[in-house]
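Notes follow the structure.
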Amino acid sequence: KGELSLFLKDKKITPEKLSDSDVKKLIDVIPTQIKEEKVFYQAEEKINFIKLQKVKDDFQKLVEQKTDTDKLEEKCQSFFTDNHWILSNILSMPVVLLGGKVYVGGKNIFNKGGKEADFLFKNKLTKNVFIIEIKTPLKKIIDTTTPYRKPDVFSIGKEVTGGLVQALDQKDNLQKEFHTLAKGGEFVSFNPKVVLIIGNLKSLSKKQLKSFELFRSNIKDVEIITYDELLTRTNLILGEFVDTKKK
């Protein structure tokens, strides 16, 4: 323990001089009993920095996808499952994830037609639930460049309106079957908040953006958030730590 500290000090090794592979090798050779050494915490801090930087990079790549493949929505689901704290920041309150691809009711007598919510959160204090439905960042918010009414009134795209109705349908089923779904008292359902994550603002012209903002600001029961908005919010949260450490 003492020899390791003397070696690091003698060689003038600091966290800034450790590469990612150095950190991994250092952790492998540190004895398990050395838990309070400063070098342990410095290495752990660097590892956390690497993880957070990877989250930023992975999210950026996800938002900048060029092709809307069949598996892109699964990729989005997987990313948010691994980093569901990103979604919890939308809700601006203490929440906990109940699960992904959660059954919210809707089956008929033949046990078919069940509805699934992409993510179900609950308020830690009140236990009230929140539904989050995700589409891909490449789903179009507005389908056409031609105004519905000239010069600047545009119809909202079918992916947004379809996702909106789908999310409201999930809420409706959850409300109807709440007593069956929440037998253990794990959560309650008092007019649950619904969030739809879809598309990118950068795909819109200024005139289209106006129509979209008018539309979503007047939706009563669903909050619509785009991927680039969520990415910007996430970078603001991570940015202070990651960017400062990078410098």
Among residues of segment 199-208, those that are open to solvent by 60 Å² or more (accessible area, probe 1.4 Å) and either over 9 Å from Asp152 (Cβ atoms) or not in a helix (DSSP H, G or I) (or both), counted: 2
Anything in segment 136-156 that is within 21 Å of Lys75 (Cβ to Cβ) and open to solvent by less than 20 Å² (accessible area, probe 1.4 Å)? List them, or say none. Thr136, Pro137, Ile141
Among the residues of segment 217-240, the number that are in contact with a strand residue (DSSP E or B) (Cβ under 8 Å, 6 or more places away or on another chain) and open to solvent by less than 40 Å² (accessible area, probe 1.4 Å) is 6
Which condition from (1) touching a Gly at 6+ places or on another chain (Cβ under 8 Å); (2) modelled with pLDDT of 95 or more is the one that Leu181 breaks? (2)
So which residues in segment 64-77 are assigned to a helix (DSSP H, G or I) and open to solvent by 60 Å² or more (accessible area, probe 1.4 Å)? Glu74, Lys75
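The values are calculated or read from the model by the stated rules, or taken from the named source; none is laboratory data. Just so it is clear, the structure is predicted and the values come from calculations on it, not from any experiment. Using ideal geometry, Cβ is built from the backbone for each residue, glycine included, and neighbour counts are taken over all protein chains shown. All accessible areas refer to the heavy atoms of the entire protein, side chains included, with ligands and DNA or RNA removed. Shrake-Rupley method; radii C 1.70, N 1.55, O 1.52, S 1.80 Å.
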